[in-house]
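Take a look at the structure set out below.
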Amino acid sequence: MIIKKATFKDYEEVFKLFCEVQDIHNSLYPEIFKKASRKTMSKKMFKQYIDDRKNSILIACDNNSPIGYIYNH
């Protein structure tokens, strides 16, 4: 397993992982969590997260396939 810092090029991979988790949260607590969409994590938002030095997004990869991510701010 490799853990790397996300770049803007990783948006689509992180977005897929985000959707998996967000949809589980939404199905369990729809009154709190929105359904995953490009609005809930847009490319613009992702770029802002990546560009802000107070934030970090790390991606865990196994055999070069993303299997998880963590966002810290």
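The values are calculated or read from the model by the stated rules, or taken from the named source; none is laboratory data. What you are looking at is a predicted structure, and each value in this text was computed from that prediction instead of being measured. Note that we place each Cβ from the backbone using ideal geometry, even for glycine, and neighbour counts take in every protein chain shown. Only protein heavy atoms, including side chains, enter the accessible area calculation; ligands, DNA and RNA are left aside. Shrake-Rupley method; radii C 1.70, N 1.55, O 1.52, S 1.80 Å.
Quick notes on this structure:
- Taking the stretch 22-37 as the range and being in contact (Cβ under 8 Å) with a residue 12 or more places away in the chain and open to solvent by 70 Å² or more (accessible area, probe 1.4 Å) as the test, the residues that pass are LYS34, LYS35.
- Hits in the stretch 38-60 (condition: open to solvent by 70 Å² or more (accessible area, probe 1.4 Å), without any contact (Cβ under 8 Å) to a residue 24 or more places away in the chain and not acidic (Asp, Glu)): ARG38, LYS39, LYS44, GLN48, ARG53, LYS54
- Of all the criteria given as (1) in contact with a strand residue (DSSP E or B) (Cβ under 8 Å, 6 or more places away or on another chain); (2) in a helix (DSSP H, G or I), the one not satisfied by ALA60 is (2).
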